1. Of the conditions (1) buried (at least 21 other Cβ atoms within 10 Å of the Cβ); (2) polar (S, T, N, Q); (3) without any contact (Cβ under 8 Å) to a residue 12 or more places away in the chain, S483 fails just one. Which one is it?
2. Hey, does the range 34-46 have a residue that's in contact with a Leu (Cβ under 9 Å, 6 or more places away or on another chain), hydrophobic (A, V, I, L, M, F, W, C) and more than 29 Å from P215 (Cα to Cα)?
3. Within 16 Å of the ligand (Cβ to nearest atom), over 20 Å from R279 (Cα atoms) and surrounded by 20 or more Cβ atoms within 10 Å (Cβ to Cβ) - does that describe any residue in the range 437-456?
4. Counting only residues that are more than 15 Å from the ligand (Cβ to nearest atom) and crowded, with 24+ Cβ neighbours inside 10 Å, which one in the range 167-183 is farthest from L323 (Cα to Cα)?
5. Looking at the range 323-348 only, could you name the residues that are within 16 Å of the ligand (Cβ to nearest atom) and either assigned to a helix (DSSP H, G or I) or more than 28 Å from the chain's Cα centre (by Cα) (or both)?
6. For the range 4-29, which residues satisfy the criterion of being of a type in the set (V, I, T) and more than 20 Å from T325 (Cα to Cα)?
7. Looking for whichever is in a loop (DSSP other than H, G, I, E, B) and within 16 Å of the ligand (Cβ to nearest atom) here; the options are A249, A229. Which one fits?
8. With the requirement that a residue be touching a strand residue (DSSP E or B) at 6+ places or on another chain (Cβ under 9 Å) and either under 22 Å from A275 (Cα atoms) or β-branched (V, I, T) (or both), what does the range 334-351 give you?
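The values are calculated or read from the model by the stated rules, or taken from the named source; none is laboratory data. If you're wondering where the values come from, they're calculated on a predicted model, not measured in any experiment. Note: ideal-geometry Cβ built from the backbone for every residue, glycine included; neighbour counts use all protein chains shown.
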Amino acid sequence: MGVLRHHVAGQEFGSTERTGTIFNPATGAVVGEVAYASAADANAVIAAAKAALPAWAETGLIKRADVFFRMRQLLVERQDELAAIVTREHGKVLADAKGEISRGIENIEFAAGLVHLLKGEFSQQVSRGVDVHSVKQPVGVVACITPFNFPVMVPLWMTASAIACGNTVVLKPSEKDPGAADFLVRLFEDAGLPAGVLNVLHGDKVAVDALLESPDVAAISFVGSTPVARSIYQRGTAAGKRVQALGGAKNHMVVMPDADLDGAADAAVSAAYGAAGERCMAISVLVAVGDTTADALVAKVAERMAKLVIGDGTDPASEMGPLITREHRDRVASYVTGAAAEGATVVVDGTAQEFEGDGFFIGVSLVDNVKPGMRVYEDEIFGPVLSVVRVGTYDEAVALINANSFANGTAIFTRDGGTARRFEVDAEVGMVGVNVPLPVPVGAYSFGGWRNSLFGDSHIYGPESVHFYTRSKVVTTRWPHPSESQIDLGFPSNH
Ligand code: NAD
């Protein structure tokens, strides 16, 4: 079992003085070691990305686009291998791992349209004999810092557009499941991406601090927990960098009395317990409007929970895998065991379920009568725990959502188009679903939350990523005949 090292300019690189352990969460077994970069390692990787920048920025757009067409093909062909890496290091079931690959492919497809995306604007004759056009140029070296929960999709959210726009990239994946990033960079190089355009730097805070401190890093895309996102945004922008930092979430799903309650229960179970709740768009709060709705919904959800199959993600029968680490599993359990003391009702206690072996498994939990102020409500648990908050009216549901410190995604389940449309306007949240519990935008739109779910003003991937990863320049052109030349100290006016 070797140590996974950084991938720089097409080569393995760096010291292995400090390393971290990679576990298979389904068995608890050690499956590898990963190098943790020193500041010197990080600076060498940044230097390699900087060196590759001029040639890549000058590469013709059609040639750049070719890389993405080939990359798409390779990702489709090799998705089973990549999914196996994700399941081994993250624990999610293979079908879910393939799901994130397929969503990541959308970002590659979007980037393949770069010739269109990088078009500027042109206005002829803004003044007599004067034309204006705008161009989009690369920002430079971009650092992409990613979380453990989507080891393929989130790196592709960032790297596809950053590279398409002519930048070079240092990708710092989560140290908990770094294998997918190593696979991706090699695949990109097989697809024709020149060495040095995408580099992978492994490690922890030391690596991230070096990226924040380097004057050669122009922009940072970050996805992870809110405290780290906030700090990266503050430090990065103070250092004059462009930063988009996506944080945590607490996503509410409102169920109106007129909703199809069986459909709503199916959606709630899927969105709350899929990937063991370790999704930033997971539904963690079910907001039932009216006690009749709440009672029926709780019964229907509990009935469905009893049938879920939890096990090793490589077993096709498994619908949900383990949590990422033993410590995280214990932290998630503490919210369930503490909920009754806070005044909530534990309807299904997943901590009571027993599993064979040393995997980091936990059962699914349902907690009713949850209220704002309780830990189980306020914190992002990031595990298979669904809270039910009972409200009397639609207005109370909206007020609850808008008062929450997170605002990543939300959804409403109703048969009433008028209520759905009102919700779309009223919800102060970045992504809204109508009878869709996980409203993750398709790759042609951008993804991002509000409040503590995103620091910065650019959402990630899609059209906003082209804005984030380019600097625009406006060029004003005039070709006067030499005979028209004259001195004029007045401020140029077009009127
Ligand atoms: P995390 O914040 O612990 O780690 C994210 C990245 O930051 C990793 O690469 C990690 O090495 C690095 N990091 C961790 N602590 C750091 C520190 N103190 N200083 C500098 N860098 C540090 O997040 P995680 O546990 O890997 O991922 C789960 C979190 O990510 C959840 O909060 C989830 O909601 C969030 N997330 C958000 C989105 C979104 O789009 N908003 C998407 C996926 C995940």
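1. (1)
2. If we filter the range 34-46 for residues that are in contact with a Leu (Cβ under 9 Å, 6 or more places away or on another chain), which is where we start, we get 34-35, 37, 41-42, 45-46.
Filter once more, keeping what is hydrophobic (A, V, I, L, M, F, W, C): 34-35, 37, 42, 45-46.
Adding the requirement that they be more than 29 Å from P215 (Cα to Cα) leaves none.
No: zero hits.
3. The answer is yes; a qualifying residue exists.
4. Step one: filter the range 167-183 for residues more than 15 Å from the ligand (Cβ to nearest atom), giving 167-168, 183.
Then keep just the ones that are crowded, with 24+ Cβ neighbours inside 10 Å; that gives 167-168.
Details: N167: 35, T168: 33 Å.
Ranking the qualifying residues of the range 167-183, first place goes to N167.
5. Filtering the range 323-348 for residues within 16 Å of the ligand (Cβ to nearest atom) gives 323-332, 335.
Listed by number, the residues that qualify are R326, E327, H328, R329, D330, R331, V332, Y335.
6. Within the range 4-29, the first condition is being of a type in the set (V, I, T), and the residues that meet it are 8, 16, 19, 21-22, 27.
Hits for the range 4-29 are V8, T16.
7. Details: A229 fails: in a loop (DSSP other than H, G, I, E, B).
Only one candidate passes the filter, namely A249.
8. Y335, V336, T337, T345, V346, V347, V348, D349, G350, T351
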